[in-house]
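Down below is the structure, laid out as structure tokens.
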Amino acid sequence: MCSSQELVYNSREATRIMSEAISDFAKRFSAASWLTSSPPSRQLSDFPIHIATSDQANYDRLSLDPKYQHFVRIPDRIVCCLDYFRIPVDRIAATRILHAYYLFIGIVDNAIDSAETNTAELVFDQLETLVPANQSNLSEVGLVTEYFKSHLSQDLRPTVLDKLRTLNEKVIGERCASSIDSYIQRRKDVGYLTAELSYLLIRPLLDRDHHRLRIFMARVGEVGCLVDSVIDLGADRKHGLLSFRPDIRCRVKLLFSALLNGLAIAFRHPRLAGLFLQAIADNVRDRFRMNSRIQSVRKRKSEDALAD
């Protein structure tokens, strides 16, 4: 799916290339395969020596958890985009730090959604502490925070912490949105900042600052958050994460916003259209897997209860 072709701006040519990319995507990613394909292989972990062996195993287990698969697939796609823009980078180093970051984001976000007490405060305290946490049996949040922290240089740490605090404020703000318009804008803000942070993390690995790449990643982050919201809006409402009651009009408006913003990027970068479609399909598939897993657990518990 990665491509290093030049950007195309002629609209007719762009439409043709996008059609080819979508056609190629359809051949590679049939309806049967996207429901049954296995998760990607886990990353080789360069754990800091103070993290216990048992916690290393737990980290690798979290990397394979279906709940976080749409997060841990993001690094490879970012590397594909670097290839597309013809930007040289140490692919292994970039993938490693991005994997640590996106798994951290996924697990912390899940903990906050689950109303775990003082999650953000504990995370920031741990990130600000220069001395590594020296304990066994770290919590999931503590483990991914410690591993992510180990990738932050002294020069990069203050900027990343400031951005993460701003991101946390945006996440809190989106839950206070009283209308679908406000919600959409705040979701775009969250996506923009999340992706911008990923650029800052790999910036030391690049030959120079690439402003166009930074903006591209941020715009893709906006669309990614909108797509997530299209899929999760009902569940978020059910779990009390919204301050308004979304009706059909709200859902259509959210879907329309995701489509418009997504198509704007796809038409500007048509050779990446297949990669974008794969990301959406992966997102839907991961939700399908997770729901199937939850239903299987509930069924097994019911059967065990009846047997007793």
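Put +1 on the Cβ of every Lys and Arg and -1 on every Asp and Glu Cβ in region 159-236; which of Tyr183, Gly224, Leu213 then has its Cα farthest towards the positive end of the dipole? It is Leu213. Take the Cα of Ala115, step 7 Å toward its Cβ, do the same at Asp207, and the gap between the two points is 5.3 nm.
One quarter of the surface of the convex hull around the alpha-carbon atoms of region 155-286 equals 8.9 nm², the direction-averaged projected area.
Of the residues Arg271, Arg165, Arg212, the one with the fewest other Cβ atoms within 10 Å heads the list, and the complete ranking is Arg212, Arg165, Arg271.
Laboratory data are not the source of any read-out in this text; all were calculated from the coordinates shown. This is a predicted model, so every value here is computed, not measured. Using ideal geometry, Cβ is built from the backbone for each residue, glycine included, and neighbour counts are taken over all protein chains shown.
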